Structure formats: C-alpha cells, structure tokens
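A.B. asks: Here it is, the structure, as structure tokens.
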Amino acid sequence: MLGKVWSAAVRGIEARTVEVEVNVKPGSPHVVLVGLPDAAVRESLERVRTAIENAGYQFPTSSILTINLAPAHLRKEGPVYDLPIAIGLLAATGQVKRDGLLRRYALLGELALDSRARPVKGGLAMAVACRDAKLAGLLVPADNAPEVGVVEGLEAIPITDLTEAVGFLNGERKIPPLAVDLDRIFDDAARYELDFGDVKGQEHVKRALTVAAAGGHNCLLIGPPGSGKTMLARRVPTLLPRLSRRESLETTKIHSVAGLLPAGGTLLAQRPFRAPHHTVSDAGLVGGGSYPRPGEISLAHHGVLFLDELPEFARRTLEVLRQPLEDGVVTIGRAAASITYPAAFMLLAAMNPCPCGYLGDPRRACSCSPREVQGYRSKISGPLLDRIDLHVEVPALSYRELVTPGDGVRSADMRRQVEEARARQERRYQGERVFTNAALGPRQLKKHCKLGEAAEAVLRMAMERLNLSARAHSRVLKVARTIADLAGAEELAAEHVGEAVQYRTLDRGAGP
C-alpha cells in the first residue's frame, strides 16, 4: 500500500513543498530511502521506527519499505521529515486515514524516541511554501507553532507527540489552530530597554548617528578606549524606523533557517543588532559550510552589523564585506549548492585612533610612532573605507560632562527626525526601487543631488584638498542629501555639503 504526505524543504531562506511517498509491500525486510536525502534524513529511519513502536502503533517489520522524497532533484536535510515519514508509514499500513485531512495538511517535525515532537529549523519559510501551495494547514511541534501561526491563510496546528498528530488526521481529536496577535507583537517591540538619553555628552556623535540612521548610511566611530563607542552603537537600532511586516517576515525567515529563533518565538519585530567578535571567520561573517548557511551579515539584514575594534578583524574577512555592502545580498557558492542570502544591513564599526588608543587625547600621551599609527590604520583598505559614509570622532568625556545632571536627547526624539527624513525619501523615490539615500545609484545622484554654485564650490574644494576618490565623492553627496532631508530642504546647500565633508575624518588625515 502507498501513503502520501506533504512536507517542505528549505533552500536559502525560501522553501518549496515536498511529497513524502511511502510504499509498503510484503517481502524480506528492507528499507530504501531515495530523493536526495542527507545523512540526518537517513538517520531518521531508526528514530521513526522507535517512536512508532513506543507510541503503540505497528511498524511493518516483515516488509519492503520504499520512501521517496519528491521532487528528487531537491536536496533534503535535517530531521524535518521524521514526522512526515512516520505518518506516511502509518498511512501505508492503514493506521492513518489516507483521504481527507492527510491530503490537505502538511507535516514537519523531529521525533524523539518516546514519540514527542521536537522543533526544527526553517518553520516559517516552510509555512509560507505550504500556504502558497494552497494547503489548509501545517502540523508542527508546539514550539514551532508561534512562528508558523504568523502566516495568514494557513492553519498552524500545534502537536506535542505522534499520537496527537494521528488523532487529528483521523478526525478523532480536535486541535484548534494557534492564533497569533501580530499587532500586540509589534506594539511590544516599540519599547526598547536602551535609550540615547542614557549617554552623557557626545551630542555631535548623536547627530552623526541620526544622519546615518536617516539615510541608511554606514558609519565608523573613532575614539579612545572608554569614550562610549560601543554604548552609542548598541543604541542605534532605537533610531531606526519600525520594521514593516514585509521586512519582519524576511528577517525572521533568516533567523529561523539559522536555528536562532527562540522556542515559541514568532516574528522578529525589532531590528536585529549583530556584533561578532573580531576573531570571526569568513564563513561566520558572510555564511558558508558544505551546504551554505547564513552568516552574521545576513542575520543583520534590515538591521545593524557592529564591528568593534575594526582593525583587529582579519583583512581578508573585512574584504568579503565589499560586495554585500554594494549589492545588499551575498552569494555563497559550493559544490553542493549556490545560495543567495539577503544582506541589506547598516554597517556600524568602531576603532581606536592608534594602537595604544590615545592619539589626540589631551589627558594621556600617545606612545605610538607615526609609522605605527599608519600601519594600524592601513589594516582597513581604502576600498572598504570608501564604502563607509561617515567617519566620526568620539572624544573621551571630561569629568564635568560625566557628572552633569539630567538626561541627554532621547531616542524617541531622534527617531522622530529619522522617520520624517525617511518619509521624504520614500516620497521622492517612489517607483524607483530605492528606499534610502545610501542606496542611490549614479542616475539618482544626478537627478536628486543637484548642487547650487556655493555648494558646488565647497565640494570642489574638498575633493581637491582631501584627494577624495570618485566613490567618496558619491558618499559625500548621499550624506549631504540626508542632512538636507533632516532639515526639510529639497535643495542641497553649502552647509549640507560642508557637514557631510566633516564626516570624512580619515580622508582628512585626521584623528581624535
């Protein structure tokens, strides 16, 4: 007899439905598993056998079992197929009804030896694929149900073990689909624990970070140890506009595929903040493995990637950022597969001005020679620096600034400015597939960043004195466009260009 069950397989952050076909016929006991399964799928056979027996059902011990995972050309990996294979075997042996609910609902989940259902990676992506395939619902382990429940038009049926799945499919047990209140999730996400009001002083740095957030620009903070670079960086997500439903779904898919969505998690409603250590490998940063997995830059999609102690990262590791910073995606090629992951993130980095960290500090003498300073800064290549729009000095605070009573400007006020500037950009670039000033291409720059005579003179002088590259010239224009948007101005004035040039610290050969 033949049993057929719907499931799904993930490729990148997308998924497609998979039909699990199980055929049982009399003969010498033998199991054949086909359909491009990996080692984890092959191991599922023993888990399935033990789970079926411990749940009180009959496993066909004197039969030839043929299990096919279709389509055959699509790689199947992980323990996702434990539950579908088990149900397929029970359907083929008449213990689960083969008509009705079994053809309308898909299944996914790992089985413990005692038949409990364990959560799996990629539940959200697979749920979207099942919805698009016009299936009625998806039976999933209870811990996966909240992320599946956010997909409209698909019932998320939470189960705790194999017995519940069989009872539901046979019509013997009613399990209501899990309902998720998305409005409440996004309302709760609007409240951040961190706030720029906690940061004393550094008003000019807060201004620069407001500019960076308003235009989606990459930013480098340069200052001595203890000046508050990391404290400032961790509060940048509080400035960014709230995630849209589309952005949230895409970001959550990546975290779900990577297995980083917490048990019982639903949609990520706050922008991600990723801060990998400087010892991170190329694969850890951009993704990789024999079958490619998302790296830190994809986990930071629609959020912030913070690289502290930037010169301490391996130069080769930093260089792999260049293509994702330009294209907003990263393609990882391997013999087994070539996968493209989204990687549209805001790069935020921090570094000391010199190896000892005290170049330009009025209270502590720098012990580094000019050659050591140059060698330290040269660890960051020119092409990478060109892709960072703002270079911002973060000086050490004085005692008076630290003990001054009262809070500084709060995140909510800064965020309001950012949202207003983003709204202007959205109206301006409607229909152009551009969402922020940082993403402007050559044609859009020419169209939307026209300079008056005074502004042109300021930019010409900066180009000549600082010997800026063509890419740095474009960055200055983009930042000036954002500064004008924050001021509510449509024309780029000399003061907008002048402020943008001031954010090219390393191009000026200066440091804190």
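A.B. asks: Ranked from highest to lowest mean number of other Cβ atoms within 10 Å per residue, what is the order of the peptides 458-467, 150-159?
C.D. replies: Averaged packing, sorted descending, gives the order 150-159, 458-467.
A.B. asks: At a 1.4 Å probe radius, carbon and sulfur cover how many percent of the accessible area of segment 87-214?
C.D. replies: 48
A.B. asks: Another question about this same structure. Using just the helices of the chain, give the 222 nm mean residue ellipticity in deg cm²/dmol: DSSP H runs with n ≥ 4 each add -39,500 (n - 2.57), and the total is spread over all residues, rounded to 500.
C.D. replies: That calculation yields -11000 deg cm²/dmol at 222 nm.
A.B. asks: Full-extension gain between residue 114 and residue 230, please, as 0.36 nm times their residue separation minus the C-alpha to C-alpha distance.
C.D. replies: Result: 37.1 nm gained on full extension.
A.B. asks: For residue 319 and residue 260, calculate 0.36 nm times their separation in residues minus their Cα-Cα distance, and state this gained length in nm to one decimal.
C.D. replies: Gain on stretching residue 319 to residue 260: 18.6 nm.
A.B. asks: Return the loop-located trypsin sites (Lys or Arg not before Pro) in segment 301-361 (DSSP other than H, G, I, E, B) with at most 15 other Cβ atoms within 10 Å of their own Cβ; answer none if there are none.
C.D. replies: Here the sparse-neighbourhood loop sites are 334.
A.B. asks: Turning to a different aspect of this structure: Can you tell me the order of 420-427, 255-262 when each peptide is scored by its average per-residue count of other Cβ atoms within 10 angstrom, highest first?
C.D. replies: For the peptides 420-427, 255-262, the packing ranking is 255-262, 420-427.
A.B. asks: Another one. May I ask you to compute the full-extension gain from residue 188 to residue 338, defined as 0.36 nm times their residue separation minus their alpha-carbon distance, rounded to one decimal in nm?
C.D. replies: That works out to 50.2 nm of additional length.
A.B. asks: Please report the orientation-averaged projected area of segment 107-249, defined via the convex hull of its C-alpha atoms, in nm².
C.D. replies: For segment 107-249, averaging the hull's shadow over all directions gives 12.5 nm².
A.B. asks: Right, next: In Å and whole numbers, how far do the C-alpha atoms of segment 257-309 stretch along each principal axis, longest first?
C.D. replies: Per principal axis, max minus min of the Cα coordinates gives 31, 29, 17 Å.
A.B. asks: Shifting gears a bit: Would you mind getting the accessible area per residue of segment 226-269, heavy atoms of the protein chains only, 1.4 Å probe, in Å²?
C.D. replies: 35
A.B. asks: Given the C-alpha centroids of segment 231-281 and segment 177-201, what is the distance between them in whole angstrom?
C.D. replies: Measuring centre to centre over Cα atoms gives 13 Å.
A.B. asks: Quick one: net charge of residue 116's neighbours, Cβ under 12 Å, K/R +1, D/E -1?
C.D. replies: So the surrounding residues net to -4.
A.B. asks: So if I take the alpha carbon set of segment 373-497, get Rg, then get Rh from the Kirkwood formula, what is the Rg over Rh ratio?
C.D. replies: My calculation of the ratio gives 1.03.
A.B. asks: Right, next: Please compute the net charge surrounding residue 264, taking Lys and Arg as +1 and Asp and Glu as -1 over other residues with Cβ under 11 Å from its Cβ.
C.D. replies: Within the 11 Å Cβ shell, the charges total -2.
A.B. asks: Enumerate the residues in segment 164-196 having an amide nitrogen under 12 Å from the point lying 7 Å beyond the Cα of residue 152 toward its Cβ.
C.D. replies: Under 12 Å, as judged by backbone N against the label point of residue 152, lie 182-183 of segment 164-196.
A.B. asks: On a C-alpha basis, how far is the centre of segment 1-41 from the centre of segment 286-336 in Å? Whole number, if you could?
C.D. replies: So the separation of the two Cα centres works out to 33 Å.
A.B. asks: Related question: Based on DSSP, what percent of beta bridges with both residues in segment 285-391 are antiparallel, to the nearest 5?
C.D. replies: Antiparallel: roughly 65 percent of the beta bridges in segment 285-391.
A.B. asks: Given a 1.4 angstrom probe, what's the average accessible area per residue across segment 60-110, in square angstrom?
C.D. replies: I get 32 Å² per residue for segment 60-110.
A.B. asks: Around residue 161, what is the net charge, scoring Lys/Arg as +1 and Asp/Glu as -1 over all other residues with Cβ under 14 Å from its Cβ?
C.D. replies: In short, -2.
A.B. asks: Leaving out ligands, DNA and RNA, and with a 1.4 Å probe, what % of the accessible surface on segment 298-371 is carbon or sulfur?
C.D. replies: 49
A.B. asks: While we're looking at this one, here's another question. As an exercise, take the mean of 1/r over every pair of distinct alpha carbons in segment 25-110, invert it, and state the Kirkwood radius in angstroms.
C.D. replies: Over segment 25-110, the inverse of the mean reciprocal pair distance is 13.4 Å.
The values are calculated or read from the model by the stated rules, or taken from the named source; none is laboratory data. Computed from a predicted structure; not experimentally measured. Cβ coordinates were reconstructed from backbone atoms using ideal geometry, including for glycine residues, and neighbour counts include every protein chain displayed. Ligands, DNA and RNA are stripped out before the accessible areas are found, and what is left, the full protein with its side chains, is counted by its heavy atoms. Shrake-Rupley method; radii C 1.70, N 1.55, O 1.52, S 1.80 Å.
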